[in-house]
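Each value in this text was obtained by applying a stated rule to the coordinates, not by laboratory testing. As the structure is a prediction and not an experimental result, all values here were calculated from the model. Positions of Cβ are backbone-derived with ideal geometry, glycine not excepted, and every protein chain shown enters the neighbour counts.
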Amino acid sequence: MSIKPKKNFDTNLKFVYSDNNTLSVIFHNNDLLMGVVGEFNKNLKELEKITKSNLYSRGNSILIKSTPQKNEEIKNAIQFLANQFINNGNIENKDILSSIDKFMINEKVKNPNITDIIKTPKKSIIPRSEKQKKYVRALRQSDVVISTGPAGTGKTFLAVAVGLTMLLEKKIERIILSRPAVEAGERLGFLPGDMKEKVDPYLRPLYDSLYDLFHFEKIQRMIEIGDIEIAPLAFIRGRTLKNSFAILDEAQNATDTQIKMFLTRIGENSKIVVNGDPSQIDLPNKNMSGLDRSKKLLSHLDEISVVDFDHLDVVRHPLVSKIVKAYSNQND
């Protein structure tokens, strides 16, 4: 269910506790209540299923009936979902999963600071863990950011979001998105088409992040006029990146020499971000990867921030976090 949010929503929910382990969350605005509950109580049913508790919609309130501890967790989840609806005008299934798995049960993030929120034309992005908050702040404040961690921790998505807002606010002149053109353990053979058609399959995740944050036609136009450039890493050699926000994604598949080359492209009023997952190196010789070495060599520099994510920061389906942890434990 999607309702255009009103600027004058009353976000102060009232909480009434009863003796029989029942907690009432009272809404002062029916549109906000409908947004949180969802069409045909869809969101409420999903929240009920995830938390294995009893939730009811009664009048202008939601009734929670569970243990005192779980009541508090669900109360906080409902408050988060209300804020999410106010910011974006809708609630997605991933928001419900995150409200419980990331924000409440693990108590990783309390009330997010307004300065940590990334507001893009299509949605507002709220950091969903303390490390994500640290990462967003580093993206805004540091000249160079190096981040490592498993898939689903938001490394690329958050960097693209910050870069896009800086471009729209005219703090920079262009975004440069790059990846090493390395096959993920597969042999694709000859690829037909011109150079763009050959490299686009490797860069598709970067396009996906952009389209999730801004309208398709406008992103296409920004690519056409050069405000956004998406290119393989090899195409960056020999350039100086001025007034730019440059992101090297999948940097675990870049050699030490390539990462050094990318980092030394930095020019006036520019930021460089290097992201990668050391557990997913696709190079023929894994020792060729330069990601970990760049962290060790450069982490002491004040202008460079290093952020290391782990399975607890995964914001995709909760199962992804469990899969990442299982593989990590096996490697340990």
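In nm, to one decimal, how far is the residue 220 label point from the residue 299 one, both placed 7 Å along Cα→Cβ?
Placing both labels 7 Å beyond Cα along the Cβ direction yields 4.4 nm.
Normalised by the residues of segment 14-107, what does the relative contact order come to in percent, with Cα pairs under 8 Å and at least six apart?
29
Longer than 23 Å from Cα to Cα, which of 170/218; 49/75; 260/322; 170/295; 49/94; 119/260 are they? Say none if no pair is.
Over 23 Å apart, Cα to Cα: 260/322; 170/295; 119/260.
With a point put 7 Å past each Cα toward its Cβ, work out how far residue 87 is from residue 168 in nm, to one decimal.
The modelled label-to-label distance comes out at 1.4 nm.
Given contacts defined as C-alpha pairs under 8 Å and at least six residues apart, what's the relative contact order of segment 116-331, whole-number percent?
The normalised contact order for segment 116-331 reaches 31 percent.
List the equivalent ellipsoid semi-axes of segment 14-107 in whole Å, largest first, each obtained as the square root of 5λ for an eigenvalue λ of the Cα gyration tensor.
On the way: eigenvalues 66, 49, 26 Å².
That gives 18, 16, 11 Å for the three semi-axes.
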